[in-house]
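One structure is given below, encoded as structure tokens.
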Amino acid sequence: MNARIPSEEKPWLKYFAEGARDESLKTSETKTLWQFMEKRLREHGDKFPALRYFGRDIKRSEVIENVELWARAFRGMGVEPDEHVIFYTPFTPEVVYMLFALNKIGACPVFLNMTASPEALTESVAGCRFAVVLDGAEEGIAHVLRQAEMFQAVIYIEAATCMPFPINKLVSLTVLGKRRRTLASATNYIRSKDALKRWSGYEGATDAEPKPGRHALITASSGTSQSGYAKLIIDTNESVLAMFRQTEYAESVISQYQPGSLCFTSLPPFISTCMFTLFLCPLSRGCTCLIEPRFSIERVKNGIINNKANINFTVGRVWLMICHQLDEEMKRGKKPDMSFLRMNIMGGEGVSPKELEWLNGVLRKCGSPVPVTSGYGLSEVFSVMSIDYEYAQKDYMEGNPRKVISVGAPLPGVIASIQDADGNELTYGERGELCVKATTQMEGYLHQEELTEYVFRGGWYHTGALCEMDENGHIYHYCRMSDFFTYNGRNIYPIDLDIALRSHGDIQNAVMAVIPSGEGSYRLFAHLYPEPEHVIDRKRLASELDGIMSGILPEGLSIEGYKLHNDPILLSPLGKSDRRLYNSDTEGFFRS
């Protein structure tokens, strides 16, 4: 009897209107991203602001006017259709104008990963003549951009430019003033205001004819390799517009983007999921994008609460921090109001099933009409592949949690498959590599043809993610396929050790640190996040966890110690748990 194959049955389609898949696969007439966005901006008009930047509202008509100005400036300085322009910036209003202006003239912005190593950045800019950088971030890429023989012009944006008075004056008086004096002395640098004065008088045509396959955006993978390299992903106008088409037929998702809703745009633009879910999609739907260029965990947490943002996308650890803060306020007799929330998406990294149940319980007590739910985004398929806005929450409400949380069901135009190491498709409930086919998928990796060919082997994009799928089409994400260590010939995934530790009633989440200690040997340390309000007897807990792990770990491996954490610490700059940081923490552990 042949096994049932999810990619053939496509059980996730039951969540969408009849014909949604066929409609989402249709190709519209050839057009550019800017042509699509300009039409949407004009349709919504100036009833609600397009952008909000440090309290200053920017109209949609202002966006359109500034896009035209920058289109003329780029053509005036010599940027040609199909040319790539480097960006080393967070989101700011000027970055918004520039990325649309480049698309308008047929050129393409290349958004570099701002956490990449200096060597990786040098490799990423090969062949580019023009660049854009934020004054406060320039130091991280100065070793490349200040080479006048490589770049004809580097436009530097002053963060204070679009800020309202007196915030702009206060920012101008900070240490950035010294930085700008340094930038002004570089021979190939020019301030954005001066670039407009010099080149926006260009009188030629600024609208490039739409061309099939033309590059629209180049974003970067949000993580980096051990060498600090982040892959650059090429998205065409067709793949970007296909993302809009996909979400139009995912009604439970897109309906949350209501005109006038406030979307907290806090992640940098090199992350394609942010580019779409926190910028392009809300802007096209009449929402206001609240731009926060200074990314930090604390700013995201405070930004959501203080601005009463309706639409929010961030990593699981940040949602936990928000809910811990709300919980503490309720313990002090306050009654936080989170009724303004409309879409609470968790991506980049999730939380444990117990943590998800707890944090959603806190939000319900604070009046949130919607839960935090997870999705799965990939730069290689331009942003969102699946989303769990309402479907699998019942798993937690019915007390039947999975070992890991669901990242949702694929969008209607996506085909998902779970495959073994030989490319054979697996059936429901079997764990393997998640592979996808989508109209939104990238053209390839910039300057990496061999890697592009490898990840698209067999006609599928191989995500490198260890997943399984249930009979309702829900995908459960465990970890990267490469996140294992080998002991006595057996491959062991640390996530499976984490899951075993979570099975204890006192533990909400756990992270296992695996530290090599010689050829084929390892030291194991367990970092534990207890359930709130539980009183922990450390000796008893360690003894009970030793008992649990004795049935999981192979002979010769044991946990050297346990450590309790009350705060979600040891995070990467983008808010994800960083096992490398955990692996370097070997102090303060207890034993049975």
Notebook entry, point to check: For the chain, which whole-number percentage of the solvent-accessible area (1.4 Å probe, protein heavy atoms only) is attributable to carbon and sulfur atoms?
Noted result: 49
Next item on the list: With percent of Cα pairs over 41 Å apart in mind, check (i) 34; (ii) 25; (iii) 21 and report the label derived from this structure.
Entry: (ii)
Check: Want the number for Arg431 to Arg538: 0.36 nm per residue separation, take away the alpha-carbon distance, what's left?
Finding: 35.1 nm
Margin query: Rounded to the nearest 5, what % of DSSP beta bridges with both residues in segment 1-136 are antiparallel?
Written below: 25
Item checked: Helical mean residue ellipticity (222 nm; -39500 (n - 2.57) per DSSP H run of 4+; nearest 500) of the chain -> -9000 deg cm²/dmol
Note to self: Below 8 Å between Cα atoms, with a sequence gap of 6+, how large is the relative contact order for the chain in percent?
What the structure shows: 13
Notebook entry, point to check: Per residue, how much accessible area does the chain show when a 1.4 Å probe rolls over the protein heavy atoms, in square angstrom?
Noted result: 41
Check: By how many degrees, between 0 and 90 and to the nearest 10, does the Cα long axis of helix 33-44 differ from the longest principal axis of the chain?
Finding: 90
Item checked: Folded to 0 to 90 degrees: helix 176-185 orientation relative to the chain principal axis, Cα -> 50
Next item on the list: Express the relative contact order of segment 203-360 as a whole percentage, based on alpha carbon pairs under 8 Å and six or more residues apart in sequence.
Entry: 18
Notebook entry, point to check: Which residue, chosen from Cys108, Trp12, Val63, occupies the Cα position most advanced towards the positive end of the dipole of segment 11-108, where the dipole is computed from +1 (Lys, Arg) and -1 (Asp, Glu) charges on Cβ about the Cα centre?
Noted result: Trp12
Notebook entry, point to check: Summing +1 for each Lys or Arg and -1 for each Asp or Glu, what net charge is found among the other residues whose Cβ lies under 11 Å from the Cβ of Pro532?
Noted result: -4
Notebook entry, point to check: For segment 465-592, what proportion of DSSP beta bridges, expressed in % and rounded to the nearest 5, is antiparallel?
Noted result: 80
Check: Karplus couplings for segment 508-523 from phi (6.51 cos²θ - 1.76 cosθ + 1.60, θ = phi - 60°), rounded to Hz, Gly and Pro as x?
Finding: 7, 8, 8, 10, 8, 8, 10, 10, x, 10, x, 4, x, 10, 8, 10
Check: Over the chain, what is the percentage of antiparallel beta bridges among all DSSP beta bridges, to the nearest 5?
Finding: 55
Notebook entry, point to check: Hey, which of these cross-link pairs are over 24 Å Cα-Cα: Lys14/Lys437; Lys301/Lys331; Lys403/Lys563; Lys31/Lys197; Lys31/Lys308; Lys14/Lys39?
Noted result: Lys31/Lys197; Lys31/Lys308; Lys14/Lys39
Notebook entry, point to check: When only Cα pairs under 8 Å and 6 or more residues apart are kept, what is the percent relative contact order across segment 27-132?
Noted result: 27
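The values are calculated or read from the model by the stated rules, or taken from the named source; none is laboratory data. If you're wondering where the values come from, they're calculated on a predicted model, not measured in any experiment. Quick reminder, even Gly has a Cβ in these numbers, built from the backbone with ideal geometry, and neighbours come from all protein chains shown. Accessible surface is based on the protein model in full, side chains and every heavy atom, while ligands, DNA and RNA are left aside. Shrake-Rupley method; radii C 1.70, N 1.55, O 1.52, S 1.80 Å.
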